[in-house]
Amino acid sequence: DPYSTDPQRHAALKPASVKPFNAETPPFLLVEQFITPNELFYVRNHLPVPQVDPETYELEVEVEGRKKCLVLTLDEIKKLPRHTITATIMCAGNRRSEMVKVKPVKGLNWGAAAVGTATWTGVRLRDVLIKLGVDEDDKKLKHVQFEGLDFDPTGKTYGASVPLWKAMSKRGDVILAYEMNGEAIPRDHGFPIRVIVPGVVGARNVKWLGRIVVSENESDSHWQQNDYKGFSPSTDWDTVDFTKSPAIQELPVISAICKPSEGEKVKVEDGHIVVKGYAWSGGGQKIARVDVTADGGSTWFVANLDHQDSAEPPQHWSWTLWSARIPIPSGTKQVELWAKAVDSCYNTQPETFKNIWNLRGVLSNAYHRIKIKLV
Ligand code: MTE
Ligand code: MO
């Protein structure tokens, strides 16, 4: 069993699959603190967790077709200038379980908590690529490919790529991280080195990084080419052509209600209930506003943005935690709550899933709607 050497996990994580291990944080715990504790951070593994010895670990960095390459040990990486960022990582399939209600899709049945926020410390990928001699204005080089040390039974490793401009931009804040919330990165999250590409879908944040290749081309991995792409609601598995859609990079604006949860009995106090959640947008956009309604949109209440980091867009990599105090007319037995967020580009969420449905169940960011009972 290739999974027998996987690490121990916290009992509170709610598994979506066990081999490979995939699990999310209980939503009410997610909004208890701005920084998600390492042991409660959602896990999304496609393959067994590799066992990496930090003493012999080496990272290869190269430009496709050129002789010169860099081989860096963990100590050598740690000697480069340190850079720390706070960034939210979210899976492209977060909230898929709601989209599925329109029509089935292929993918893990994620709730609203395949997302988390951490402070990440490492070295700028830009510094490493400059050391290798990469010129950010190079006309030919366009992508930076990442290979993980995790592999499938045929020996194929997990892989993904991001555009070279993102990797080379000072404002892109892409780092080769060796710390998550002040500790060595836990095994499930990419020990000893993981690339953090803030503002970009989880799938490009390659864990257990083994090799970096600067290239004219995107990664040819399954996950870059034939997965993690969006399509029209009318595209099905017979008509889909993965070459026709771009790989997801920056994610669209999203929000979710985390407390209360669907079906929960909530006590009305002083004629009000309190609703809490998160909101986030990709590409370094910041949350400008979150609106909540309990009457199908006749009345919207503007949520308090309880915790937001001070970074300005387009370098605002972390989520915003919010809460709203919603008045409830006396005698009301149940309500449906809706939440939607607006980001600093004034982009907002679609109303329903019907017209954003796609066969992989990604980019599932319609208004979050939950029904609760009142007592
Ligand atoms: N990197 C490797 N090497 N292998 C993987 O399976 N999964 C990706 C990404 N990086 C993955 C990976 C996906 S799809 C997501 S959403 C994030 O890691 C999840 O990161 P986490 O497990 O630290 O939350
Ligand atoms: Mo993911």
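If you take the Cα centroid of the range 232-259 and the Cα centroid of the range 2-17, the two points sit 27 Å apart. Every Cα-Cα pair in the range 70-147 was counted, and those over 20 Å apart are 58% of them. Divide the volume of the convex hull around the Cα atoms of the range 1-110 by the residue count and you get 194 Å³ per residue.
Put the Cα centre of the range 46-123 next to the Cα centre of the range 126-168 and the gap is 13 Å.
For the peptides 41-49, 114-122, residues were scored by their other Cβ atoms within 10 Å and the scores averaged per peptide; the highest-first order is 114-122, 41-49.
Averaging the sequence gap over all C-alpha pairs within less than 8 Å and six or more residues apart, then dividing by the number of residues, gives the chain a relative contact order of 17 percent. Packing here is the average count of other Cβ atoms within 10 Å per residue, and on that basis the peptides 1-8, 259-266, 19-26, highest first, run 19-26, 259-266, 1-8.
Ellipsoid semi-axes for the chain, based on the Cα gyration tensor and the rule √(5λ), read 37, 21, 20 Å when sorted largest first.
Taking every DSSP beta bridge that has both ends in the chain, the antiparallel portion is near 90%.
In the chain, taking the dipole from charged Cβ atoms about the Cα centre, the farthest positive-side position among Trp280, His222, Ala341 is held by Ala341.
Here the sum of -39500 (n - 2.57) over DSSP H runs of 4 or more residues, divided by the residues of the chain, equals -1500 deg cm²/dmol at 222 nm, to the nearest 500. In this structure the amide hydrogen of Phe301, modeled in the peptide plane, comes within under 5 Å of the amide hydrogens of Val292, Thr293, none closer than 5 places in sequence on its chain. Charge dipole (Cα centre; +1 on Lys/Arg Cβ, -1 on Asp/Glu Cβ; no other charges) of the range 245-375 amounts to roughly 440 debye.
In vacuum, with every alpha carbon of the range 55-194 counted as one equal point scatterer, what does the Debye formula give for log10 I(q)/I(0) at q = 0.19, 0.21 Å⁻¹? Two decimals, please. Treating every Cα as an identical point scatterer, log10 I(q)/I(0) equals -1.26, -1.41. Suppose the Debye formula is applied to equal point scatterers at every Cα of the range 254-374; what is log10 I(q)/I(0) at q = 0.13 Å⁻¹? Values, matching the q order: -0.52. Pairs of Lys residues in the range 1-82 are counted when their Cα atoms are under 29 angstrom apart and they lie 8 or more places apart or on different chains; the count is 4.
A short reminder: the numbers here are calculations on the coordinates, not readings from a lab. The structure displayed is predicted, hence computed values, not measured ones. Using ideal geometry, Cβ is built from the backbone for each residue, glycine included, and neighbour counts are taken over all protein chains shown.
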